[in-house]
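One structure is given here, and the rest of the page talks about it.
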Amino acid sequence: MNSLSYRPQLQLRLRNLVFNNPHIMTVLAEDRADDAAWSIWLEKMTETVGGLEKPDFTYLRDHFESFQDFAAVISFLQGSAIEGSSNKRWSSKFVFPFGPNALYEDANVKPQGSVSNDRRFFARTGELLYLMLCRSRDADALRGLLVSRFLENPTPYDSMARALQGEPQPAKAERAGAYLPCSSHPLFDRLAEDWLAILSLPIPAYDAIPHLVTMTGLNIILYQLERAREVLDHEPVRLVCEVVSPKKSVVRDLSADSYQRNNLLPQQAVERFVRRIEETPEWQATIGSDDPVLNAGDILRKTFGWPDSEDDELAPEAGALIDQLADRAISRHKQHFGKIHMTWARAIGLSSRRSSRRVRYAPTDRLLKTLVVCCVDKRLEFRDFLGLLCDRYGIVIGDAQARNFIVTGDADQEDFSDNARRLEERLASLGLLKRLSDSCAYVENPFQRAQAA
């Protein structure tokens with residue numbers, strides 16, 4: 001089921017040129033003749049390049065008419081780079097994914113020149129996302145669109161990356177070991193549907209990428225929460241979203257509570273997943289055996305791969321072993337997967353601390369626009385749009401979707417009606433909603449407006 005193996009690209013020449021190339025500005029400032037500029041820059045670049053055994057950039061003179069043209073391309077790719085101005089090391093920065101030549105994995109380039117793959121900045125190459133899409137029911141249709149719109153549809157911007165990189169540079173070793181436990185899941189299908197909806201828009205492929213990134217982040221957050229909910233056997237996940245208001249409101253408090261509850265959900269699931277082994281007949285038999293600690297250790301090693309060495313100092317009692325494993329699992333979780341909900345929700349514009357000391361769900365204009373272009377085919381009545389967001393993603397904004405909070409007395413109907421009204425005003429200001437009468441407002445997909453007319 002999990003036999004994925006591939007060789008990612010390193011593209012070290014490309015990222016050296018874009019992110020590890022301080023000499024180009026120096027040479028430009030000297031205002032030398034073209035031949036002299038190339039010669040001086042090539043000499044300086046060869047001395048400081050990283051990760052290449054035999055650096056040779058002379059091919060660039062054949063790819064560009066002048067040194068000025070070469071510098072202009074570098075400047076463009078630097079300006080469009082993802083987090084290009086961050087303080088990350090140069091080998092962990094990424095050009096905008098205009099096409100196949102601009103795709104590569106994170107790398108750690110040591111001063112002595114050795115290169116290894118790295119995961120420091122959540123910079124995996126999308127193995128889990130790839131498996132999720134492959135296991136969706138729309139995998140074949142999605143494959144066709146990705147090939148036709150990205151892989152076999154070269155763009156001028158991807159040609160720039162190809163001109164800088166030269167021949168592609170794959171990693172020396174295969175990457176394997178990606179694991180996704182579910183062979184199918186409703187969320188895999190929904191993710192693929194969202195990708196298909198965005199890729200089917202009449203816009204350039206690179207304009208679709210930000211929308212793909214945003215919807216992918218939302219769906220992976222929901223996948224993590226949904227899997228946690230399944231382990232804990234909780235009620236469906238809900239994201240109570242406040243459309244930011246000028247003053248504190250009941251919806252703001254409920255949104256912050258919703259965020260905090262969901263943020264803790266994966267950690268609770270990890271602990272539950274570990275501790276439920278105590279409910280098995282095998283564990284109960286171990287407790288009554290002659291050597292419960294040794295036998296319990298065997299069960300934990302067989303089930304969880306822990307302890308992974310004989311050097312681990314284990315607790316003296318079987319019950320304490322479970323506590324020890326749960327503590328280690330939670331500690332590890334907090335350092336890695338426990339950060340996904342918090343980090344990605346902020347990155348895609350789902351959460352915010354604006355006008356509040358507590359983080360809560362408060363969608364930005366960018367996220368709202370992506371939700372409209374992904375979910376609305378031409379146009380949709382506003383109330384139906386609110387219902388669709390709740391049914392599809394668990395997003396609660398209006399009073400019809402917040403019925404549970406109203407029934408329990410946690411909020412009044414007016415609180416969520418005002419929240420929906422603020423959303424309507426936001427969408428109208430973005431050009432995404434048109435009101436035809438007091439009782440009729442339509443959310444419009446701006447990229448489908450011409451077809452609707």
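The values are calculated or read from the model by the stated rules, or taken from the named source; none is laboratory data. Since the model is a prediction, treat every value here as computed from it, not as a measurement. Here the Cβ positions follow ideal geometry from the backbone for every residue, glycine too, while neighbour counts run over all protein chains shown. Note: areas computed on protein heavy atoms with side chains; ligands, DNA, RNA excluded. Shrake-Rupley method; radii C 1.70, N 1.55, O 1.52, S 1.80 Å.
What number of residues within the range 172-198 satisfy the criterion of being over 16 Å from residue 130 (Cα atoms) and modelled with pLDDT of 90 or more? Residues in the range 172-198 being over 16 Å from residue 130 (Cα atoms) and modelled with pLDDT of 90 or more: 2 in total.
Hey, among 232, 212, 222, which residue is open to solvent by less than 20 Å² (accessible area, probe 1.4 Å), touching a residue at least 40 places away in the same chain (Cβ under 8 Å) and closer than 30 Å to residue 183 by Cβ?
Residue meeting the stated conditions: 222.
I want to confirm something. Restricting to the range 1-13 and keeping residues that are modelled with pLDDT of 90 or more and in a loop (DSSP other than H, G, I, E, B), which single residue is nearest to residue 165 (Cα to Cα)? Per the stated criteria, the residue is 11.
With respect to residue 48, determine if the residue is out of contact with any Leu (no Cβ under 8 Å at 6 or more places or on another chain) and surrounded by fewer than 18 Cβ atoms within 10 Å (Cβ to Cβ). Answer is yes for this residue.
Among the residues of the range 366-395, those that are in a loop (DSSP other than H, G, I, E, B) and of a type outside the set (Val, Ile, Thr) comprise 377, 378, 394.
Annotation note: Cβ proximity below 7 Å between a residue of the range 143-160 that is under 11 Å from residue 199 (Cβ atoms) and a residue that is assigned to a helix (DSSP H, G or I) and open to solvent by less than 70 Å² (accessible area, probe 1.4 Å) (sequence gap 6+ or interchain) occurs for 145/196; 145/199; 149/199; 149/205; 150/205. Among the residues of the range 38-79, those identified as in contact (Cβ under 8 Å) with a residue 24 or more places away in the chain, part of a loop (DSSP other than H, G, I, E, B) and either in contact with a Phe, Trp or Tyr (Cβ under 7 Å, 6 or more places away or on another chain) or over 16 Å from residue 12 (Cβ atoms) (or both) are 64, 66.
Screening residue 338 with (1) modelled with pLDDT of 90 or more; (2) surrounded by 12 or more Cβ atoms within 10 Å (Cβ to Cβ); (3) more than 30 Å from residue 215 (Cα to Cα) gives one miss only, at (3). Just one of the listed residues (116, 85) is at pLDDT below 90, in a loop (DSSP other than H, G, I, E, B), under 25 Å from the mean Cα position of the chain (by Cα) and small (Gly, Ala, Ser), namely 85.
On inspection, residue 77 passes the criterion of being aliphatic (A, V, I, L, M) and either closer than 28 Å to residue 153 by Cβ or modelled with pLDDT of 95 or more (or both). Is it true that some residue in the range 315-332 is under 25 Å from the mean Cα position of the chain (by Cα), open to solvent by 70 Å² or more (accessible area, probe 1.4 Å) and not hydroxyl-bearing (Ser, Thr, Tyr)? Yes: the range 315-332 contains one or more residues that are under 25 Å from the mean Cα position of the chain (by Cα), open to solvent by 70 Å² or more (accessible area, probe 1.4 Å) and not hydroxyl-bearing (Ser, Thr, Tyr). Looking for something out of contact with any strand residue (DSSP E or B) (no Cβ under 9 Å at 6 or more places or on another chain), part of a helix (DSSP H, G or I) and surrounded by 14 or more Cβ atoms within 10 Å (Cβ to Cβ) - is there at least one such residue anywhere in the range 348-365? No, there is no match, as no residue in the range 348-365 is out of contact with any strand residue (DSSP E or B) (no Cβ under 9 Å at 6 or more places or on another chain), part of a helix (DSSP H, G or I) and surrounded by 14 or more Cβ atoms within 10 Å (Cβ to Cβ).
Only residues that are touching a Ser or Thr at 6+ places or on another chain (Cβ under 8 Å) and closer than 19 Å to residue 227 by Cα were counted in the range 314-351, giving 2.
Which of the residues spanning the range 14-37 are open to solvent by 70 Å² or more (accessible area, probe 1.4 Å), closer than 18 Å to residue 85 by Cβ and part of a helix (DSSP H, G or I)? Scanning the range 14-37 gives a single hit, 25.
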